[in-house]
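Data first, discussion second: the structure below is written as structure tokens.
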Amino acid sequence: MALSRMVYGTGGANIGLREAGNLTLSVSAGGWELEMEDDGGDDAGTFGYSASSSNLYFTPPGGEATPFAGSVAASTATLSTNRLNLGVRVSLRRGRFVGSQQLETTIRWRN
């Protein structure tokens, strides 16, 4: 569900990665941030992963970061010339129950 929100948008006027005109990726030891621009070159918001908070978040233009996926044990993002690779691993521990799920997706564009 987290990857779907990133690809298609988090709701309202917030665009997703499919609609972004330009992307800039910043990676650090504490996570990553993916800054988006719309087709006109204006700020369209930022998706990010915070290792210290174990979440994925979205920051709309001029707004505050809002988490939209928690219990994220790890996340990767790599940006190439014509594609973006995203990976998310979610891990939960509730009493004796331990669960983990990892998903990856590639978003490609032609222009």
Let me confirm something: among 91, 53, which residue is small (Gly, Ala, Ser) and in a strand (DSSP E or B)? 91
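Quick grid of which residues meet (1) closer than 23 Å to residue 104 by Cβ; (2) at pLDDT below 85; (3) among the charged types (D, E, K, R); (4) not in a strand (DSSP E or B):
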position	(1), (2), (3), (4)
7	yes, yes, no, yes
25	yes, no, no, no
32	yes, no, no, no
36	yes, no, no, no
39	no, yes, yes, yes
48	yes, no, no, no
Report, by residue number, each residue of segment 56-76 that is without any contact (Cβ under 8 Å) to a residue 60 or more places away in the chain, in a strand (DSSP E or B) and more than 17 Å from residue 9 (Cα to Cα). 73, 74, 75, 76
Give me the residue from segment 84-111 that is basic (Lys, Arg) and at pLDDT below 90 and, out of that set, surrounded by the fewest Cβ atoms within 10 Å (Cβ to Cβ). 110
Residue satisfying condition, being touching a strand residue (DSSP E or B) at 6+ places or on another chain (Cβ under 9 Å) and either in contact (Cβ under 8 Å) with a residue 60 or more places away in the chain or under 15 Å from residue 6 (Cα atoms) (or both), within set 108, 93: 108
Matching residues in segment 3-48 - criterion: being within 17 Å of residue 90 (Cα to Cα) and open to solvent by 20 Å² or more (accessible area, probe 1.4 Å): 3, 4, 5, 30
Can you find a residue that is at pLDDT below 95, within 22 Å of residue 100 (Cα to Cα) and crowded, with 17+ Cβ neighbours inside 10 Å anywhere in segment 61-70? yes
Which listed residue is under 15 Å from residue 63 (Cβ atoms) and touching a helix residue (DSSP H, G or I) at 6+ places or on another chain (Cβ under 8 Å), from 6, 36: 36
Could you tell me which numbered condition residue 82 fails, if it satisfies all but one of (1) touching a residue at least 24 places away in the same chain (Cβ under 8 Å); (2) within 20 Å of residue 100 (Cβ to Cβ)? (2)
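Name the one entry in 54, 71 that is in contact with a Leu (Cβ under 6 Å, 6 or more places away or on another chain) and either at positive phi or of a type in the set (D, E, K, R) (or both).
Numbers: 54 fails: in contact with a Leu (Cβ under 6 Å, 6 or more places away or on another chain).
Going through 54, 71 in turn, just one is in contact with a Leu (Cβ under 6 Å, 6 or more places away or on another chain) and either at positive phi or of a type in the set (D, E, K, R) (or both): 71.
The values are calculated or read from the model by the stated rules, or taken from the named source; none is laboratory data. Only a predicted model underlies this, so the values are computations on that prediction, with no experimental measurement involved. Note: ideal-geometry Cβ built from the backbone for every residue, glycine included; neighbour counts use all protein chains shown. The protein model used for the area step is the full one, side chains on, heavy atoms only, and it has no ligands, DNA or RNA in it. Shrake-Rupley method; radii C 1.70, N 1.55, O 1.52, S 1.80 Å.
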